[in-house]
Amino acid sequence: MSDVTTRPRSFQEIILRLQSYWATKGCAILQPYDMEVGAGTFHPATTLRSLGTKPWAAAYVQPSRRPTDGRYGENPNRLQHYYQYQVIIKPSPPDMQELYLGSLRAIGLDPALHDIRFVEDDWESPTLGAWGLGWEIWCDGMEVSQFTYFQQVGGHDCRPVSGELTYGLERLAMYVLGIDHVMDMPFNDPQSPIPLTYGDIFRQTEEEYSRHNFDGANTDMLLQHFVNAEAECQRLLDFPAQDPNSGKRIIMAHPAYDQCIKASHLFNLLDARGVISVTERQAYIGRVRALAKLCADAFRLTEAGADLDTVGTAA
Amino acid sequence: MPDLLIELFSEEIPARMQARARDDLRRMVTDGLVTAGLTYAHAAALSTPRRLTLAVEGLTAHSAAVREERKGPATTAPQQAIDGFLRATGLTIDQLEKRADKKGEAYFAVIERPGRAAPEIIAEVLEATIRTFPWPKSMRWGAGSLKWVRPLHSILCLLTDEAGAEVVPLTVDGITASNTTHGHRFLSPAPFAVSSFDDYTAKLKRAHVILDSAEREAAIWHDATTAAFAAGLEVVADPSLLTEVAGLVEWPVVLMGRIDAAFLDLPPEVLQTSMREHQKFFSVKNPKSGRIEGFITVANTETADNGATILHGNQKVLRARLSDAKFFWENDLRVARAGMGEWLDGLKSVTFHNKLGSQAERITRIAALAREIAPMVGADPDMAEQAAKLAKADLRSAMVGEFPELQGLMGMYYARAAGLPEAVALAARDHYSPLGPTDTVPTEPVSVAVALADKLDTLTGFWAIDEKPTGSKDPFALRRAALGVIRLVLGNDVRLSIDRLVDVQILRHQSGPNPAALDLLTQILSTATQHGMFGDLTRRLIDGAEKLVPDWLVPVRDHNPDLSDSLRDFLHERLKVFLKDQNTRHDVIDACLAMPGNCDLTLLVKRAQALQATLATEDGANLVAGFKRANNILTQAEEKDGVEYSYGADPKFAETDEERALFTALDTAEGTIKPAMATEDFTTAMQSMATLRAPIDAFFTATQINTENQIVRRNRLNLLHRIRTICLSVADLTKLDG
């Protein structure tokens, strides 16, 4: 492994280095999922692909939205729209920790100079019906990543187990680049003919979406969309597997899962608008989880999500 | 004798699980070895974040051979029975011996189990230990099926004696035991082989791993205090943080930093909590100013720049954390100085429990009760009410939102900032106390009133909605609340009748947050706290109000004390548990619980203490026997004759000196006991009761109760009745053991 010891100079350089590092480690470099999600885990490349026995290795950037975290672009660390870098490998390789540490070296965090720690952090996603054990990784007292061994997703045991890494890109990059306010962070190279900061790109949208999330969004419409997404998810899964047009067995697990993702984001928006009471909250989370489980059940019946019990393990 | 070394090397084990894991490893392996017939001299378990290690000294090399004889069925038994015996013993028919027996001839199996070599036993025991290890949470990884706290990478299993070291052959889920391990993840990652426990610890130390957590703790504490001392400062002791930090590092390196001046005005508890919870930093205090001015962080590595980069990074993270805290503090102070109205309004929209309403409604109830309790604990009612209204305001503050464990304490700071009386500020801080069986009980009267009202409101509320604790389930910590009530009452010698407060607060729950004719209801309930729901004054108020005929009065008028009784029984149960822990006999408590006034817990305990002290004397203990004898004879006679012998005994029918002496003794005792009981001087009353022992014993020795002369017999039974009455006026001695 060739260590990249030079310090990156911009946000995008850090992303590019992570992309190229994980590409050299054999991951398929995917693109972000084209829907609003709360975290990179929601990408079907993680949730659905962590099910079944087929080996899998993927890495991608995922724009993530947390409507309640909007601070009108004023908070140095908090954003309602930010980027996660996600790595998922199934089965988790024995040297997954070492692979991860290599990625830190790649972006200029040399463990010989820094204090890298694996601090207990159990991960649980009530909306996905998923949990795993792992750590948050500290670099000099700062949390820079999450590391999880998935045990269950959508109510299904993960066999084999996937190893998942999530980097909060803004926070990590701010640390590597020595920036105190996210909006001051160079997005492209500061020596570029047209240097752009994170703020040049996102300050205005943070303002607009903060207002939207807290005051603008039409809650009646969102509530209706939530109900629609829920119904559509179930409807799509109720189709018989046999497709009369193609004559093939086609289960619409991914289109159904899209509706589950939608419902989850709509719930987050409603939450930000403050129209969900504490008691209702659990009920909404339960409804999204029920969808996630249905989708996981369906995906397990497809080719990508099936167990290859007989294939490849011939005695 | 050989020594055994086991190391289970894994990815990072959560710090909080390591101590128990050490105990479990030692217990499971040594129990397994002993059960399989090995003995050992000494065993010690050690841990770092990445390894669990067990060193067993003086292990026997073999288990002893065992010869076991088992008697089987008679040789004439049916084939089925014989086949069963063969299956059970694993032998064939020609391996069985026939021996003469009392009833004829029987089969005997003689099973010789040869001794087994230690490695074979160790391999079995260790595999079973790994496969059944009781981690609080465990996981699978990769494509394997083994479960461990985090992925298990290697097993070192080595048996050493004078001849050398041998690896115990063992493979668990694809991991084969060896004699190698790894050093520090970053400083000495290369694997190395070891030949004994001493070699292992020495090589680990060279490879930047201190194996013993106690040694790491000592090193951290030593280096931290030295660094602080050199700067004229001192580290704030925090034993549980020390243990946690020692569980996060293999090679502790202590680094000290200063807190930016901009943050030094934050309350010390805020600095300490923020640093501890978020960063696992120790606080460093300036002994001159008493302020927290610095921090100690413990890194897991040495660096070429002596930790400069690490310290710089930690300082930066701390600055961001404390900026948040300062922002919260300053915003909170602004709200506090404006009278906390914003928070109190906010509490209207915070649900306490969906059947018990909002926090604001809860606070209104607590304030009303605190006002009523105030005179009983020597507090000013207005002050108690005001304190109760503000005591939970800080739940809406940003600081408590971030650090829930600072609730109450922040309330104190904010009450002071608002210019409120000190008693109000202290009540905010202390009204959650006591939280367990040993922490400090508040003594400031206003704090006591609010603390009692808070806990009683919780208990009555959950009783009213039928959410009582069952078995091991107590999700609302009601046992703790009951213990809090008990400790507040006993710790402050408070005299009150708990059932009245319970009645009143249950009615407050039942009448809802917006009762009609609030003033009238308040008047009725306040009266009931002093005179009881069924007291004359209270009933008169209720009867008077009935002419106004408000519907809401019906539940008050028809108040059913069942719920209160059930809660009182629960409080008594908790009191028994509490007193048992203080070595009060359970039967003594029962004897006192059966007496009137048992809702006055202070009185109840005073009585129990006096009784226990009396029973500890020879007279006291024997008196109980005498009392029971008298009581049994009397009870039998009363049952047989169908009368109660309570006519009063007359000394003129006394026939023996002993009988006459008993009359005199009873007169004397009664003369002392009655006034003593009236002034709650239980010690005097019980000592006086104990003096009856000798005359009662003498009476029984000399006198036959059931004589032919019916007049004398009845008179004696009436005399026994006096004994019973006098003794039972002190405590229910029938409840005592023995």
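Here are a few things to note about the model shown:
- Amide H contacts of B:Asp101 (H built 1.01 Å from N, under 5 Å, at least 5 apart or other chain): B:Ala106
- Debye log10 I(q)/I(0) for region B:213-334, one point scatterer per Cα, at q = 0.14, 0.17 Å⁻¹: -0.57, -0.83
- Counted by Cβ distance under 14 Å from A:His254, the other residues give a net charge of -2, where Lys and Arg count +1 and Asp and Glu count -1.
- Dipole-positive endmost among A:Ser277, B:Val424, B:Phe192 within the protein assembly as shown (Cβ charges, Cα centre): A:Ser277
- Reach of B:Lys98 by Cα under 23 Å, taken over lysines that are not fewer than 8 positions away in the same chain: B:Lys71
- Directionally averaged projected area (convex hull, Cα atoms, chain B), nm²: 52.8 nm²
- Global dimensions of chain A from alpha-carbon coordinates: Rg and Dmax equal 20.5, 63 Å.
- Within chain B, no helix built from a complete DSSP H run reaches 30 Å or longer along its own axis (Cα positions) while carrying a mean Kyte-Doolittle hydropathy of 0.0 or higher.
- Which of B:Thr181, B:Thr684, A:Thr302 is most accessible, then next, and so on - probe 1.4 Å: B:Thr684, A:Thr302, B:Thr181
- Near A:Met35, once Lys and Arg are set to +1 and Asp and Glu to -1 for all other residues with Cβ below 9 Å from its Cβ, the sum equals -2.
- Kirkwood-based shape ratio for the protein assembly as shown, expressed as Rg/Rh from alpha carbons: 1.06
- Spacing of the modelled spin labels on B:Arg20 and B:Gln523, each 7 Å from Cα toward Cβ, amounts to 5.8 nm.
- Length released on extending from B:Asn622 to B:Ile93, taking residue separation times 0.36 nm less the Cα-Cα span: 183.6 nm
- Solvent-accessible surface of protein heavy atoms, probed at 1.4 angstrom with all chains present, puts A:Arg105, B:Arg365 in the order A:Arg105, B:Arg365, largest first.
- Across q = 0.20 Å⁻¹, region B:608-738 modelled as identical point scatterers on its alpha-carbon atoms has Debye log10 I(q)/I(0) values of -1.16, in the order of the q list.
- Gain upon complete extension [B:Asp732, B:Ala64; 0.36 nm per residue less C-alpha separation]: 234.4 nm
- Region A:58-72 residues near the modelled A:Leu308 label - backbone nitrogen below 20 Å, point 7 Å along Cα→Cβ: A:58-59
- Sites A:Glu124 and B:Thr602, calculated FRET efficiency, Cβ-Cβ separation with R0 56 Å, nearest 0.05: 0.75
- Cα Rg over Rh - region B:343-581, Kirkwood: 0.96
- Given charges at beta-carbon only (K, R positive; D, E negative), |dipole| of the protein assembly as shown in Debye: 800 debye
- Spin-label model, B:Thr656 to B:Asp587: label points 7 Å out along the Cα-to-beta-carbon direction sit 2.6 nm apart.
- Once the gyration tensor of the Cα atoms in region B:472-565 is diagonalised, the equivalent ellipsoid follows with semi-axes of 28, 16, 11 Å, ordered largest first.
- Around B:Thr443: net Lys/Arg minus Asp/Glu count, Cβ-Cβ under 12 Å: -2
- Pairs beyond 32 Å (Cα-Cα), from A:Lys54/A:Lys262; B:Lys280/B:Lys580; A:Lys262/B:Lys147; B:Lys288/B:Lys392; B:Lys355/B:Lys576; B:Lys147/B:Lys580: B:Lys280/B:Lys580; A:Lys262/B:Lys147; B:Lys288/B:Lys392; B:Lys147/B:Lys580
- Two-decimal ratio, region B:334-484, of alpha-carbon radius of gyration to 2.2 N^0.38 Å: 0.99
- Helix-only [θ]222 nm of chain B, DSSP H runs n ≥ 4, -39500 (n - 2.57) each, per residue, nearest 500: -16500 deg cm²/dmol
The values are calculated or read from the model by the stated rules, or taken from the named source; none is laboratory data. What you see is a predicted model; the values in this text were computed from it and never measured. Note that we place each Cβ from the backbone using ideal geometry, even for glycine, and neighbour counts take in every protein chain shown. For accessibility, only protein heavy atoms count, side chains too; no ligands or nucleic acids. Shrake-Rupley method; radii C 1.70, N 1.55, O 1.52, S 1.80 Å.
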